[in-house]
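A short write-up of the structure that comes next.
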């Protein structure tokens, strides 16, 4: 995921995908990662459903930002911060679980396992990160 920024400046080259693999942007958040590639078919399991239920109970920031997150596969987040279970995340959290499971570190999966909002099936919009 890359945050789009306004203004000029030189763009730094991204490291090879193998170096970005399982990269976590903040340990205080939940699923604030930088996946390396799309896995293909969506994995809808207990963890994806737990995150979906928690997402539907989230708290959204009042204001948006100029930037957004762009997943390695091209999916785009919205431009707001969101809190799920008291942890910061972005609108791609369900997308990451469904399509980029291999790129999620075990400690991030443990955070999802600890969510206590039940389970719900994600819809197409949630799977797309919107």
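Read-outs: derived from the displayed coordinates by stated rules, not from any lab. Fair warning: this is a prediction, and the values are worked out from it, not measured in the lab. We place every Cβ from the backbone using ideal geometry, glycine too, and count neighbours over all the protein chains shown.
Descriptive notes on the structure:
- For 117, 96, order by how many other beta-carbon atoms lie within 10 Å, fewest first: 117, 96
- Equivalent ellipsoid semi-axes, segment 29-128, via Cα gyration tensor eigenvalues times 5, rooted, Å: 18, 17, 12
- Working from label points 7 Å from Cα in the Cα-to-Cβ sense, the residue 41 to residue 83 distance is 3.9 nm.
- Computed label-point distance, nm, for sites residue 119 and residue 101 using a 7 Å Cα→Cβ extension: 1.2
- Residue exposure sequence - 110, 45 - by fewest surrounding Cβ within 10 Å: 110, 45
- Footprinting exposure proxy ranking of 103, 28, fewest other C-beta atoms within 10 angstrom first, gives 28, 103.
- Mean Cα-pair separation over length for segment 29-128, i.e. relative contact order, pairs under 8 Å, 6 or more apart, %: 43
- Hypothetical label at residue 70: residues of segment 77-109 whose amide nitrogen lies under 15 Å (7 Å Cα-Cβ projection): 77-79
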